Each structure stands twice: as structure tokens, then as C-alpha cells.
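The values are calculated or read from the model by the stated rules, or taken from the named source; none is laboratory data. Keep in mind the model is a prediction, meaning the values are calculated, not measured. As a convention, Cβ positions derive from the backbone with ideal geometry for all residues, glycine included, and neighbour counts pool all protein chains shown.
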Amino acid sequence: MEKSLRFDSLLIHGGLDAGPAGSTSVPIVQSSSFAYQTAEELEDVFRGRAVGSVYTRIGNPTTEALEKRLALLEGGGTAIATASGMAAITTAVLTILRAGDEILSSSSLFGGTFSLFRDTLSNYGITSRFVDPLDPDGFRDAVNDRTRLLFVETIGNPKLDVPDVPLLARIAHNAGIPIMVDSTVTTPYLANGVQLGADILTYSTSKYTNGTGTTIGGVIIDRGVFDWNTPRFPHFEAFHKKYRNFAFTARARKLVHKDVGACAAPFNSYLLTEGIQTLALRMDRHCSSALTLARFLEDHPKVAWVSYPGLEDSPHHAVATRLYGGRYGGLLTFGTGDKASAFKVINNLRLAKNLANIGDAKTLVIHPASTICGDYNADEKALMGVTEDLIRVSVGIEDCRDIVEDFKQALDAA
Ligand SMILES: Cc1ncc(COP(=O)(O)O)c(C=O)c1O
């Protein structure tokens, strides 16, 4: 049945058959390990000769139901649910690259990813070069013998630039490397892996997937379309022989995900299967309210600038319209001229919460320069588009009139 269902139906029914017959929500299998009657049975499950769960770090029925649904939403492939969005990126990158290899990454990144690439992975011999995601030639020119991966966010957080992901995918494929796409800000509802031309996707399910700010999680999607049987990936050879285009999933499951151990907790997987059911409805509201708020802010005398790809005069409007079907996401940024006035506005807000997250039902704000990007120097902040006056807003799904009124009173009084 699932093959014939459309996106909004898959959000609700995808993977549900993984539960006991009759169950209308995914059961929480809160068990660390799974017992078998005989040593032979457990051996068969361990060796992959029989289907079954062994140990929740490796796999769990609740998490498998979530994974099945998330893979269906991308138009097929496999999914590995992880403990967080950062765990998803780390696990996926460690599956593809070895010491001496290089990531060609967009320079417009979530701060945690930038720090993982620049600081943490470089300690283990995996280096990264950062290229402006709006400069496709920059990626073409930067590929060298050591390049193993092109990495990009669908909409950069917090810069909110919108790269032409399918074009970057063609550049990666012409160079014989896979493209990994972080679709946290857009979710598969705005564009899935097929539409983006991504080989691997990672995203934080802590945000719109969950939708209520209760859970940290992440996912790695392998669309099974990249041919790993190339001289750039000798470490995939054995996996490719057995698993063909799903060599990535096999290497991740049998080695990195199992060894790193950043697995999803069953209860979190359950919350995610509940939360995701309303993703389409919520995203429509996030997108329409963000546009309304962006237009309001543009006209407010105390606002120096507004960045939202949905605004017609945004330099990203045309690409975003083409790629994301006239929906531009729930994130916007604006500036008030300086840090002091930005702090005043944040402190005056009553409805919007001042915290470090996005994609909640609640409207959220943060001053990135002093918080999530506080450890970066001026050049690095500039690379990420973070100015001292920038306020990032994750527009929630409250009545939009209340959201606008909250920003109006906060700005008027600032
Ligand atoms: C674009 C993007 N990718 C990855 C992450 C990391 O996700 P998590 O916080 O679930 O580890 C975030 C978190 O804000 C994000 O915004």
C-alpha cells in the first residue's frame, strides 16, 4: 500500500505496519536487548541470516518504524535514525571519509557542523575546504584527488542563502563524488532527496520532524543511487560487492553507526513518529507566517534589513521558488543596526522564546553572534553571515496576528 501513498499520507501511515497488528501508533519497545531461545537463532540474527533485533544500539523496532517512514518520505532508500542531527552528520561523514580525505563543504553552515568539519575532524586527518555555496564554479575548481564528499545545506542556517542543490549534485557526480545534503531547514516536505538529486541526506529531526521541541534526533538517508565502486572509495569495495549501491548503508550499519554508538533512543523515535504526522500542515503554516512576519518587519522603521528567501527582492527568491515549490521555510533573520538594539528587541518579546533551537511550534528567537556563533572570530562570522545586529527568528505556528503583534510591540518599545 505504501508505494501508492502520497507524501502527506506517508507522514501518518509510513512504517506503521512495523507494529503489532491493530496498533495505530508505533509501539515503544523500551528494551536494550532482545533474547532468543537458542544460540543458533541468535547467531542467525547476528550474521544477518534471519530478521530480528539484537541490541538497541544496533537496531530497535520503534526506531526501525521511524526509519522506514523517513526513507519513504525521501522517495525511497534506507534511513538510519541517530541520537541527534550532529550524530547523523558525524556518522555519515565517518562512513565516507578516512584520514587523508577531504570534504568540500558549503561555507554557509550551521555552527556545529562548521566546528565538526574545521576543528574536530581535522584532528583525525579529515580536512575540509569551504566554498561559497552560491559559486558552483568554486566547487568545480576545488575538487582534487583527495576530495571524497560535497556537503551543503538546502537553506544555510543562519545565513538563509539558497544554493542550487541539483546543480551542485551534477558537479559532484561529474567529479565522481557523492553529495550529502543537510535538509534540516527545508524538511522533505519542501523538497525530498529525489528532487534535490542528493545521494545522502542528513537532517536534525530535533526541529520540524518533532515539531514540539521535546526531542533531540537526527537521520541519515541513503538513496542508494551513488555508485561506490570507484577508485576514490577502495574502502567500499567489499560492501559494494555484496550490497551494490547500498554499500554506504552497509558500511554505516556494520561499522561506524555500530561503533560510534550514537543511536536513537526508542522513546525519542516514538515521539518523532507521533510528531511528524502533522509535518505538512505545520510547514505550510510556518512558511506562510514567516512570509507575513518578514513583510511586516520590512516596513518597520526600526528594522535595518530583513532576510527571507520568500521576499521577492531576496537574491535567493528565484532559486528557492524553483526548488521548493513557492514555500520558503520558517526561518528568517533581521537586523536592527547594532547589538544593543537587537538585545532590546529580544528582551521586549513576550510570546517568542529566546532559545537555541528552530522548528518548534513556538516562535523562537536568538542572537547568534553572542550565542551559537559566539566562539567564532569576525571573519568566520562574516562567512556564516552573522552580523552583530542579527536576530534569527524561527516562526512558529501560533496565530500569525499574535506573532506580528509581539514583534511590533517589541520593536516599538526598543
Ligand atoms: C542545519 C542544521 N543541521 C544540523 C543541526 C544539528 O542538529 P542537532 O541539534 O539535532 O544535533 C542543526 C541544529 O540546529 C541545524 O540547524
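Values for this structure:
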item: Residue in the stretch 185-208 that is out of contact with any Asp or Glu (no Cβ under 8 Å at 6 or more places or on another chain), among the β-branched types (V, I, T), touching a residue at least 12 places away in the same chain (Cβ under 8 Å) and away from the ligand (no atom under 16 Å from the Cβ) present; result: no
item: Top-ranked residue of the stretch 213-241 - restricted to ones that are outside any loop (DSSP other than H, G, I, E, B) and within 16 Å of the ligand (Cβ to nearest atom), ranked as nearest to L355 (Cα to Cα); result: G218
item: Residue check for E67: under 26 Å from T321 (Cα atoms) and buried (at least 18 other Cβ atoms within 10 Å of the Cβ); result: no
item: Given (1) buried (at least 24 other Cβ atoms within 10 Å of the Cβ); (2) within 19 Å of the chain's Cα centre (by Cα); (3) away from the ligand (no atom under 13 Å from the Cβ), index of the condition Q277 fails; result: (1)
item: Members of the stretch 364-392 found to be hydroxyl-bearing (S, T, Y) and within 16 Å of the ligand (Cβ to nearest atom), listed by number; result: T371, Y376
item: Wholly enclosed helices (runs of 4 or more DSSP H) of the stretch 82-157 bearing at least 3 residues within 11 Å of the ligand (Cβ to nearest atom), within 22 Å of T387 (Cβ to Cβ) and not assigned by TED's automatic domain parsing to the domain that holds A369; result: 111-115
item: Unmet requirement for S288, which otherwise passes all of (1) polar (S, T, N, Q); (2) outside the structural domain of T212 (by TED's automatic domain parsing); (3) under 19 Å from the mean Cα position of the chain (by Cα); result: (3)
item: Condition check for A356: out of contact with any helix residue (DSSP H, G or I) (no Cβ under 7 Å at 6 or more places or on another chain) and either of a type in the set (K, R) or part of a loop (DSSP other than H, G, I, E, B) (or both); result: yes
item: Check on I200, in contact with a Leu (Cβ under 6 Å, 6 or more places away or on another chain) and modelled with pLDDT of 95 or more; result: no
item: Residue that is farthest from S370 (Cα to Cα) [pool: residues in the stretch 320-359 that are within 16 Å of the ligand (Cβ to nearest atom) and more than 20 Å from the chain's Cα centre (by Cα)]; result: K353
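Listed here are the residues, each with its yes/no results for (1) surrounded by fewer than 14 Cβ atoms within 10 Å (Cβ to Cβ); (2) in the same structural domain as A264 (by TED's automatic domain parsing); (3) of a type outside the set (V, I, T).
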| residue | (1), (2), (3) |
| --- | --- |
| L10 | no, yes, yes |
| L16 | no, yes, yes |
| G22 | yes, yes, yes |
| S25 | yes, yes, yes |
| S33 | yes, yes, yes |
| T38 | yes, yes, no |
| L42 | no, yes, yes |
| V45 | no, yes, no |
| R49 | yes, yes, yes |
